[in-house]
Amino acid sequence: MNEEIYLKKLEQREIKPTAMRLLILRTMMKHKEAFSLLDLENELDTVDKSTIYRAITLFLAHHLIHGIDDGSGSLKYAVCSNDCNCEVDDLHTHFYCEKCHRTFCLKSIHVPMVTLPPGFTVDSINYVLKGLCADCSAHGSNKAQAQVME
């Protein structure tokens, strides 16, 4: 990707671009599905862990990324689209694959809204579906077909 894209994303969220922030954002944007802090630490093995953590904290505070609690015990992250402000109306569904342990953003599926009792307000919603992703489902059905043929 063009360096200008990363600079624009940081500028849009009023984050001062530094070499480390650009490197971390570039690494984040390479991911097709959600990623963990450990994923970033492994990919950026020459970058101090506290630097990565501080960038994540800053990016979360400025709504450049959003956090996902997929129930795996490790918070996952994904880069927000340019029009996302991480408000309830922007939230989307996530899918956690119980076999390969990947977490996917299903941006086209918004979280269902529920009517709360008077006096309750919603600040965030965590909506995670769990099961097998398309890749794992396909591999599982191939294995089942092979067993039937034996």
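The values are calculated or read from the model by the stated rules, or taken from the named source; none is laboratory data. As the structure is a prediction and not an experimental result, all values here were calculated from the model. A quick note on method: Cβ atoms are made from the backbone with ideal geometry, for glycine too, and the neighbour counts reach across all protein chains shown. For the accessible areas, the whole protein counts, side chains as well, though only heavy atoms, and no ligand, DNA or RNA atoms are used. Shrake-Rupley method; radii C 1.70, N 1.55, O 1.52, S 1.80 Å.
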Open item on the list: Could you tell me how many of the residues in segment 22-43 are charged (D, E, K, R) and in contact with a Phe, Trp or Tyr (Cβ under 8 Å, 6 or more places away or on another chain)?
Closed with: 2
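Does segment 111-139 hold any residues that are within 23 Å of the chain's Cα centre (by Cα) and among the β-branched types (V, I, T), and which are they? Can you show your working first?
Taking segment 111-139 and keeping what is within 23 Å of the chain's Cα centre (by Cα), we get 111-113, 122-137.
Scanning segment 111-139 gives V111, V122, I125, V128.
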Task: Complete set of residues in segment 82-101 that are at pLDDT 80 or above and either in contact with a strand residue (DSSP E or B) (Cβ under 8 Å, 6 or more places away or on another chain) or among the hydrophobic types (A, V, I, L, M, F, W, C) (or both) - done: T93, H94, F95, Y96, C97, E98, C100
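Within segment 96-120, restricting attention to residues that are of a type in the set (V, I, T) and open to solvent by 50 Å² or more (accessible area, probe 1.4 Å), which residue is farthest from A134 (Cα to Cα)? Please lay out each step first, then the result.
Taking segment 96-120 first, the residues of a type in the set (V, I, T) are 103, 109, 111, 114-115.
Checking which are open to solvent by 50 Å² or more (accessible area, probe 1.4 Å) leaves us with 109, 114-115.
On the way: I109: 16, V114: 29, T115: 32 Å.
Among residues in segment 96-120 that are of a type in the set (V, I, T) and open to solvent by 50 Å² or more (accessible area, probe 1.4 Å), the one farthest from A134 (Cα to Cα) is T115.
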Task: Selection status of R54, open to solvent by 70 Å² or more (accessible area, probe 1.4 Å) and either out of contact with any helix residue (DSSP H, G or I) (no Cβ under 8 Å at 6 or more places or on another chain) or modelled with pLDDT of 95 or more (or both) - done: yes
Open item on the list: Any residue in segment 108-134 that is farther than 19 Å from C80 by Cα sitting within a Cβ distance under 8 Å of a residue that is open to solvent by 80 Å² or more (accessible area, probe 1.4 Å)? List the pairs, counting only those 6 or more apart or interchain.
Closed with: P112/Y127; K130/E98; G131/E98; L132/E98; L132/K99; C133/K99
TODO: Answer yes if at least one residue in segment 68-83 is surrounded by 17 or more Cβ atoms within 10 Å (Cβ to Cβ), closer than 28 Å to V111 by Cα and acidic (D, E), and no otherwise.
DONE: yes
